[in-house]
Protein chains: 2
Amino acid sequence: MKKHCTLMIHGGAGELDKLHGPAGAVRYLRSIRRILERGQSILKRGGPALDVVETCVSMLEDDPLFNAGRGSVLNERGMVSMDAAIMDGRDLGAGAVADINRIANPVKLARLVLAGNKQVMLAGTGALRFARSAGVRLVSGDYRITEERRDEYKKLRALSQRKAETFSADQHGTVGAVARDSKGNLAAATSTGGMAGKKEGRIGDSPIIGAGVYADNRTCAVSATGHGEKFMRTVLAKHIADLIAFRNLDAETAATYGISYLKRTVNGRGGVIVIDRKGRCAARFNTRTMVHGWLDRDGNIHCAY
Amino acid sequence: MKKHCTLMIHGGAGELDKLHGPAGAVRYLRSIRRILERGQSILKRGGPALDVVETCVSMLEDDPLFNAGRGSVLNERGMVSMDAAIMDGRDLGAGAVADINRIANPVKLARLVLAGNKQVMLAGTGALRFARSAGVRLVSGDYRITEERRDEYKKLRALSQRKAETFSADQHGTVGAVARDSKGNLAAATSTGGMAGKKEGRIGDSPIIGAGVYADNRTCAVSATGHGEKFMRTVLAKHIADLIAFRNLDAETAATYGISYLKRTVNGRGGVIVIDRKGRCAARFNTRTMVHGWLDRDGNIHCAY
């Protein structure tokens with residue numbers, strides 16, 4: 001039987017067990033469960049999928065365990081630069097912010113971009129100007145830099161370039177959520193601090209509609225995590241949606257094919273969570289782990305990595 | 001019989017005739033022809049599709065008639081902010097730059113990002129830092145602001161918001177090229193100054209892989225122009241490639257379906273140029289005009305709008 005659910009979230013694909021051991025993994029799963037419970041409460045009172053993914057992703061951003069919002073990794077210059085996007089499956093409405101700093105919850109800013117219904121994507125200082133004009137409080141540049149990230153940054157700087165790349169590749173901590181509400185509407189959101197030690201100004205797949213995020217009521221909602229450039233080159237979230245649109249696949253088969261396509265065409269590593277229009281859902285990844293969890297249609301919460 | 005060609009370029013979809021009259025249109029077509037001739041000379045000596053699209057787009061950027069590179073429109077703050085991307089159909093290699101200034105040829109910088117084979121997209125000051133480290137000469141902020149654009153900006157500022165939006169919507173001048181070389185390799189590139197009067201930091205579809213540009217030897221090469229946000233929400237270039245991949249359509253049918261999908265789902269306006277893996281090509285648009293031209297497989301040059 002295919003798995004059905006109303007909400008699925010992830011906290012990044014990578015090598016969680018290697019980095020933190022089983023004990024560390026438990027902390028991640030505890031956070032995932034707590035956030036799913038919050039999403040469940042919104043769904044229970046009939047809240048829209050768009051609110052659910054925004055809330056869940058902003059909670060993931062607030063938890064310094066994950067590489068998004070608070071807890072974002074540092075780029076080559078020791079600075080935070082975050083990307084996020086949100087998409088509404090009802091009308092393909094989309095909002096994204098890229099290469100931003102000083103914002104506590106990038107996904108909330110992306111939601112404001114979506115709500116403005118003019119731009120889809122705002123970056124850098126222009127995005128901050130928009131935030132200020134929308135009344136969003138700017139936090140200090142240090143707000144989301146945790147001690148762990150500073151230590152990691154120092155460690156990363158000391159490594160050879162080759163080792164640094166392996167290190168960065170091992171720990172994708174991008175977060176995301178996909179939901180299907182009681183009206184059958186779909187939504188997706190993704191948020192990230194990017195790759196540790198990334199080049200200044202580098203934008204990954206998370207804020208790119210069709211790469212790291214996608215939602216269309218006619219097909220599915222997708223959120224991706226992994227080596228962003230590979231997801232951008234394959235436009236993977238849209239690829240999965242088109243497999244459903246043009247080949248009539250379900251979420252599980254489309255997600256499996258999608259990850260196989262990612263590996264085959266660009267040797268990409270990462271994972272996706274998908275809910276299709278009928279509420280069938282799937283989590284697929286070719287990294288060792290992907291922290292994730294879901295709320296099944298009977299109201300039970302499941303967590304895995 | 002389906003149209004076959006080796007190179008197709010465009011200089012934007014919009015209301016060219018309304019803005020410039022038939023006499024103005026002739027200037028555009030003359031430029032298109034000259035640039036196709038240059039592309040032809042590269043193809044004749046066996047040059048790769050990637051070089052052809054880079055060269056053609058950089059020439060379109062250099063011509064102040066078009067809204068890209070020199071001749072870019074000004075944003076809400078009276079500044080230039082350009083986006084560009086290039087993609088290699090052989091291996092899905094891609095490079096993009098967004099929200100940049102002080103670069104004479106954004107498409108060439110995008111090609112350097114592609115060649116670096118690490119990031120896909122660099123934005124803002126980070127992209128400039130990359131340019132400097134790659135030895136790209138920065139031009140003065142004023143280099144690409146023409147008198148026409150300054151006048152237009154002043155005019156735009158004087159209009160009501162509603163009229164300003166109509167004005168901006170009428171004159172998409174994004175440029176792009178798609179090519180198929182003697183080895184059957186495909187490539188695509190797109191470059192733009194964006195929408196006149198756009199918000200600071202706004203990134204459109206041109207630098208988004210899958211939205212305003214896409215190339216895959218297994219399917220097709222696409223470059224788009226029009227109301228960027230609509231192309232981003234529909235991920236239109238990838239949508240067209242997937243119509244070819246999953247439904248086995250030719251370029252003409254896929255382009256027609258693509259523009260119809262754009263209109264139907266998000267009421268989008270604009271156009272695309274497409275060459276498929278067999279060299280069949282198509283230009284489709286639902287604006288009044290789209291300046292474009294192509295080099296057919298017999299070596300004849302055609303221009304149209």
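The values are calculated or read from the model by the stated rules, or taken from the named source; none is laboratory data. Just so it is clear, the structure is predicted and the values come from calculations on it, not from any experiment. Quick reminder, even Gly has a Cβ in these numbers, built from the backbone with ideal geometry, and neighbours come from all protein chains shown. The protein model used for the area step is the full one, side chains on, heavy atoms only, and it has no ligands, DNA or RNA in it. Shrake-Rupley method; radii C 1.70, N 1.55, O 1.52, S 1.80 Å.
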Cα lying deepest toward the dipole's positive end in chain A, options A:PHE231, A:ILE100, A:LEU295, charges on Cβ: A:PHE231
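When only Cα pairs under 8 Å and 6 or more residues apart are kept, what is the percent relative contact order across region A:211-294?
Values: 157 pairs, mean separation 25.0, N = 84.
Answer for region A:211-294 is 30 percent.
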Proximal lysines to B:LYS278, defined as alpha-carbon separation beneath 17 angstrom and excluding residues fewer than eight positions away on the same chain: B:LYS2, B:LYS3, B:LYS183
Other-copy label distances relative to B:ALA134, 7 angstrom Cα-Cβ extension, nm: 3.1
Label-reachable residues, region A:44-66, where backbone N falls under 11 Å from a point 7 Å from A:ALA304's Cα toward its Cβ: none
Phi-based couplings in Hz for region A:68-83 (Karplus 6.51, -1.76, 1.60; Gly and Pro marked x): 5, x, 5, x, 4, 6, 9, 8, 4, 9, x, 10, 8, 9, 10, 10
Leading residue at positive end of dipole, chain B (Cβ point charges), from B:SER58, B:VAL113, B:ALA254: B:ALA254
Amide H partners (placed H, <5 Å) of B:ALA187, local residues excluded: B:GLY89, B:ALA179
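Given a 1.4 Å probe and no ligands, DNA or RNA in the count, how much accessible surface is buried by B and A, both sides, to the nearest 100 Å²? Write out the running numbers ahead of the final one.
Working: alone 12730 and 12750 Å², together 21650 Å².
When B and A are taken together, about 3800 Å² of accessible area is lost.
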HN-Hα J in Hz across region A:231-242 - Karplus 6.51, -1.76, 1.60, θ = phi - 60°, x for Gly and Pro: 6, 5, 5, 9, 6, 5, 5, 5, 4, 5, 4, 6
Residues whose placed amide H lies under 5 Å from that of B:TYR214, excluding near-sequence neighbours: B:VAL222
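Among residues other than B:THR219 whose Cβ falls under 9 Å from its Cβ, what is the net charge (Lys/Arg +1, Asp/Glu -1)? Before the final figure, lay out the partial values.
Values: positive: B:ARG218, B:ARG277; negative: B:ASP216, B:ASP242, B:ASP276.
Net of charged neighbours comes to -1.
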Isolated Cys in the protein assembly as shown, by beta carbon distance under 4.7 Å: A:CYS56, A:CYS220, A:CYS303, B:CYS56, B:CYS220, B:CYS303
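Let me know the shape class of chain A, please: from the alpha-carbon gyration tensor, a ≥ b ≥ c as square roots of the eigenvalues, rounded when a/c is under 1.5, otherwise prolate if a/b is greater than b/c, or oblate. Show your work: numbers first, answer last.
Details: a/c = 1.44, a/b = 1.22, b/c = 1.18.
Because its axes are fairly even, with a/c under 1.5, chain A counts as rounded.
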Unsatisfied cross-links (Cα-Cα over 24 Å) in the set A:LYS108/B:LYS263; A:LYS230/B:LYS198; A:LYS108/B:LYS199; A:LYS230/B:LYS44; A:LYS108/B:LYS198; B:LYS108/B:LYS230: A:LYS108/B:LYS263; A:LYS230/B:LYS198; A:LYS230/B:LYS44; B:LYS108/B:LYS230
Over chain B, relative contact order from alpha-carbon pairs under 8 Å, at least 6 apart, %: 27 percent
Student exercise, chain A dipole from Lys, Arg, Asp, Glu Cβ charges, in Debye to nearest 20: 120 debye
³J(HN,Hα), Karplus 6.51/-1.76/1.60, whole Hz, each residue of region A:34-48, x for Gly, Pro: 4, 6, 5, 4, 5, x, 4, 5, 5, 5, 4, 8, x, x, x
Calculated label separations, B:VAL26, copies of the chain, 7 Å along the beta-carbon direction, nm: 8.2
Distance (nanometres) between label positions extended 7 Å along Cα→Cβ at A:THR125 and B:ARG288: 3.8 nm
Over region A:32-158, relative contact order from alpha-carbon pairs under 8 Å, at least 6 apart, %: 21 percent
Built amide H within the under 5 Å cut-off of B:LYS3, gap 5+: B:CYS281
Label geometry 7 Å along the beta-carbon vector: B:ASN286 inter-copy distances in nm: 3.6
A:ARG150-B:LYS183 FRET efficiency (beta carbon distance; Förster radius 60 Å; 0.05 resolution): 0.75
Two-site label geometry, B:ARG297 and B:ARG157: point separation in nm, points 7 Å out along Cα→Cβ: 5.3 nm
